[in-house]
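Structure record follows, encoded as structure tokens.
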Amino acid sequence: VGCMDSLSCNYNPLASLPDTCYYPGDTLCPDGPDLTVVQPAIEGSMMLDVLSQVDPCLVNEGCLTGYGVRDLIRFTTHIKNIGSQDYYIGDPTANPQMFQFDVCHSHYHFQGYAEYVLYDSASQPLPIGFKNGFCVLDLECSGGGTAQYGCGNMGISTGCGDIYDSNLECQWIDITDVPSGHYTLVVRVNWNRLADALGRVETDFDNNWAQVCFDLTKDPNPSGHNHQ
């Protein structure tokens, strides 16, 4: 149930039964979506891992920066919509301008969704960052929302969140060639400030990132393992 007029400010693209519509200028119009990154989810999930079998597609997609045994820092990314309106992405075939098709794994990436950047102690970004956006959906609704989006029709409902767990493929930073030192891992969402598929702009971009600082000490033995 929802407003079915696309010209309204509370249009619901999933609605099949009509409800009251409001139009721009009405005080009852929702403010808009607001995506934010949950910092404790990153901090509480960070772990070191070693990947022995490298899929060439992972290098092609930018998940890994090379072949052979790779040293990784895994972490969970939790993105919530704390705004008053859904962030609607939709079907890749219906909104191709918001997606990039990866021919290696034959799936779509939502452009500019989650971005992982590693900074050194001089605040300089290292060339190992990665943009993740295979599927954007409602995985939890602890904010009082109702789950309604999945991989076939993507988005994050107001009051819901999307979670990329640390055990998922590409949910890492490749630190194989990173020397010992003090680093800051930054997770950013919608950093290009894109409107959603319906033209809705986030109400706040100041909360579109979170960071965790850590010290990395490389083990001098040739096994390639690291200690944090």
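The values are calculated or read from the model by the stated rules, or taken from the named source; none is laboratory data. Predicted, not measured: the structure shown is a model, and the values here were computed from it. So basically every Cβ, Gly included, is an ideal-geometry build from the backbone, and we count neighbours across all protein chains shown. Just so you know, the surface numbers come from the protein's heavy atoms only, side chains and all, with ligands and any DNA or RNA stripped out. Shrake-Rupley method; radii C 1.70, N 1.55, O 1.52, S 1.80 Å.
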Item to check | Per-pair calculated FRET efficiency, R0 = 35 Å: residue 28 and residue 165 via Cβ, rounded to 0.05 | outcome: 0.40
Item to check | Test item: Cα-centred dipole of the chain, Lys/Arg +1 and Asp/Glu -1 on Cβ, debye | outcome: 240
Item to check | Accessible-area composition of the chain, carbon plus sulfur, in percent [1.4 Å probe] | outcome: 53
Checklist entry - Taking square-rooted eigenvalues a ≥ b ≥ c of the alpha carbon gyration tensor, is region 3-110 rounded, prolate or oblate, where a/c under 1.5 means rounded and, failing that, a/b exceeding b/c means prolate? => result oblate
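Rounded to the nearest 500 deg cm²/dmol, what is the calculated helix-only ellipticity per residue at 222 nm for the chain, with -39500 (n - 2.57) per DSSP H run of length n ≥ 4?
Working: 2 runs with 10 residues, N = 228.
Value at 222 nm, helices only, nearest 500: -1000 deg cm²/dmol.
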Checklist entry - For the chain, list the cysteines whose Cβ sits under 4.7 Å from no other cysteine Cβ? => result 213
Item to check | Residue among 17, 75, 53 farthest towards the positive dipole end of the chain, charges placed on Cβ | outcome: 53
Checklist entry - For region 115-174, what relative contact order do you get, as a whole percent, if you take Cα pairs closer than 8 Å and at least 6 residues apart? => result 29
Checklist entry - Given the protein chains as shown and a 1.4 Å probe, how many square angstrom of residue 134 are accessible, to the nearest 10? => result 50
Item to check | Positive-end residue, the chain charge dipole about Cα centroid, Cβ charges, pick of 210, 198, 153 | outcome: 210
